[in-house]
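See below for the structure under consideration.
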Amino acid sequence: METIIGGQELVEQAGKIIKEGGLVAFPTETVYGLGADAFNAEAVKSTFVAKGRPQDNPLIVHIADVKYITKVAKNVPEVAYKLMEKFSPGPLTIVLDKVDNLPLTTTGGLQTVGVRIPNHPLALALIRASGCAISAPSANTSGRISPTEASHVYEDMQGKIPMVLEGGKTSVGIESTVLDLTHDIPTVLRPGGITVAMLSEVLDTVVDHKGEVIIAQAPGMKYKHYAPVCKCCGAKSPKGAEQEYNKFLSANTGKKAVIIGSTAFVSSIKQCNVVDMGANATECMSQLFSALRQAEKDYDYIILQWFEDNSDNFAINNRIHKSTAGFAVE
Ligand code: TXA
Ligand code: MG
């Protein structure tokens, strides 16, 4: 098969190829994709063949406008529209429940579908010219580096597909962020062009690709896990905790603070609200989350003992680190 390469002038022809069940590689802002009609199972199957890709790896479905989202996904939550409004067209793929008539071949056997609106004029023109939702993995041979230039695609796909649309070097250069919205908390499955910090501008809570819960807080953003809803910091000594406590009270009239720590830590502190979590790391660990939950209801500022760094305290310090976004006074 001869593989034609060209730009804008080939878009109508490229659209026709897709509509008729063929494959066209095209530029997006992330990497080049290998496009097929997402609703044509045979066409999609040939994508897997051209790439040498395992068939259980789902493809992203590309649409040209958010108004087409319900053509490919159902039960679309409000937050999906908010995300799309902010980040689309752009390097964000959101995973939603798939519509019944979208072939399982496209979704790698899953009942969900990854959808995105690419931010590249040729990609959008191709989708429009084809009149299809276009499934597209990166246009490389499976296992090879994703293509950011048409020549990379040509290297891998020459003779295997009828057309490569040439749209210059891709601007983002890495693949889209894949965000799963089918569970209670939006979860990043693949980090990419849209960072977790950017997502937190729209989402209150998001789980990053390492499984950490990120909670956005105004002003600005803090990277937190197990994070209380109120302001929280660590303190390495009772004296430091007391100073931080008094500093907070004098700057915030009418607000309340608390110091939470082990018996030894809090017993040396005078005239402050304290919570004693127990005599040792094990006791404190068992109390930490309930103490935080109670304290966030009762107080405006939580100062948490930062335990001495040793192997006994590693686990509790890890949680405290996450609760306080790593912020601690001496
Ligand atoms: O930037 C990109 O996303 C590029 C351009 C062409 O849009 N596409 C791309 O596709 O990187 P691909 O096939 O190389 O990677 C798609 C990723 C895979 O990690 C796949 O597992 C995940 O998205 N994915 C797609 N649909 C999914 C679904 N329904 N559930 C979970 N993960 C999904
Ligand atoms: Mg890929």
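Taking V275 as meeting all but one of (1) closer than 18 Å to C230 by Cβ; (2) of a type outside the set (K, R); (3) in contact with a Phe, Trp or Tyr (Cβ under 6 Å, 6 or more places away or on another chain), write down the number of the exception.
The single condition V275 does not satisfy is (3).
Do we have any residue at all in segment 106-116 that's within 15 Å of ligand 1 (Cβ to nearest atom) and in contact with a His (Cβ under 7 Å, 6 or more places away or on another chain)?
Yes: one or more hits.
Using the structure shown, decide if I185 is more than 16 Å from ligand 2 (Cβ to nearest atom) and among the aliphatic types (A, V, I, L, M). First the steps, then the outcome.
Details: more than 16 Å from ligand 2 (Cβ to nearest atom): yes; among the aliphatic types (A, V, I, L, M): yes.
Considered against the rule, which asks whether it is more than 16 Å from ligand 2 (Cβ to nearest atom) and among the aliphatic types (A, V, I, L, M), I185 comes out as yes.
Could you name every one of the helices (runs of 4 or more DSSP H) located completely within segment 227-330 that has at least 1 residues being charged (D, E, K, R), surrounded by 19 or more Cβ atoms within 10 Å (Cβ to Cβ) and in contact (Cβ under 8 Å) with a residue 60 or more places away in the chain?
238-251
Restricting the search to segment 122-172, which residues are among the small types (G, A, S), out of contact with any Leu (no Cβ under 6 Å at 6 or more places or on another chain) and within 13 Å of ligand 2 (Cβ to nearest atom)?
The answer is S138, S142, G143, S146.
Using beta carbons and a limit of 6 Å, which pairs, at least six apart or on different chains, have the first residue in segment 114-139 and touching a residue at least 40 places away in the same chain (Cβ under 8 Å) and of a type in the set (A, V, I, L, M) and the second one within 15 Å of ligand 2 (Cβ to nearest atom) and in a helix (DSSP H, G or I)?
A139/V153
Only one of (1) touching a strand residue (DSSP E or B) at 6+ places or on another chain (Cβ under 8 Å); (2) farther than 17 Å from L10 by Cα; (3) not in a loop (DSSP other than H, G, I, E, B) is not met by E175, so which one is it?
(3)
Considering only residues of segment 147-172 that are part of a loop (DSSP other than H, G, I, E, B) and over 15 Å from G35 (Cβ atoms), which is farthest from ligand 1 (Cβ to nearest atom)? Outline the logic, then answer.
Initially, segment 147-172 is screened for residues part of a loop (DSSP other than H, G, I, E, B), giving 147-149, 158-162, 166-172.
Checking which are over 15 Å from G35 (Cβ atoms) leaves us with 148-149, 158-159, 168-169, 171-172.
On the way: T148: 11, E149: 14, Q158: 19, G159: 21, G168: 15, K169: 15, S171: 12, V172: 8 Å.
Top of the filtered list is G159.
Only one of these is on the phi > 0 side of the Ramachandran plot and at pLDDT 95 or above: G21, G33, G15. Name it.
Every option except G21 fails the conditions.
Would segment 29-41 turn up any residue that is among the polar types (S, T, N, Q), surrounded by 16 or more Cβ atoms within 10 Å (Cβ to Cβ) and more than 16 Å from ligand 1 (Cβ to nearest atom)? It would help to see each step written out before you state the result.
Looking only at segment 29-41, we keep the residues that are among the polar types (S, T, N, Q), and these are 30, 40.
Checking the rest, the ones that are also surrounded by 16 or more Cβ atoms within 10 Å (Cβ to Cβ) come to 30, 40.
Then drop every residue that is not more than 16 Å from ligand 1 (Cβ to nearest atom), which leaves 40.
Within segment 29-41, one or more residues are among the polar types (S, T, N, Q), surrounded by 16 or more Cβ atoms within 10 Å (Cβ to Cβ) and more than 16 Å from ligand 1 (Cβ to nearest atom).
Restricting attention to segment 97-121, and to residues there that are surrounded by fewer than 22 Cβ atoms within 10 Å (Cβ to Cβ) and under 22 Å from E29 (Cα atoms), which single residue is nearest to ligand 2 (Cβ to nearest atom)?
Among those that are surrounded by fewer than 22 Cβ atoms within 10 Å (Cβ to Cβ) and under 22 Å from E29 (Cα atoms), it is N119.
The values are calculated or read from the model by the stated rules, or taken from the named source; none is laboratory data. What you are looking at is a predicted structure, and each value in this text was computed from that prediction instead of being measured. Note: ideal-geometry Cβ built from the backbone for every residue, glycine included; neighbour counts use all protein chains shown.
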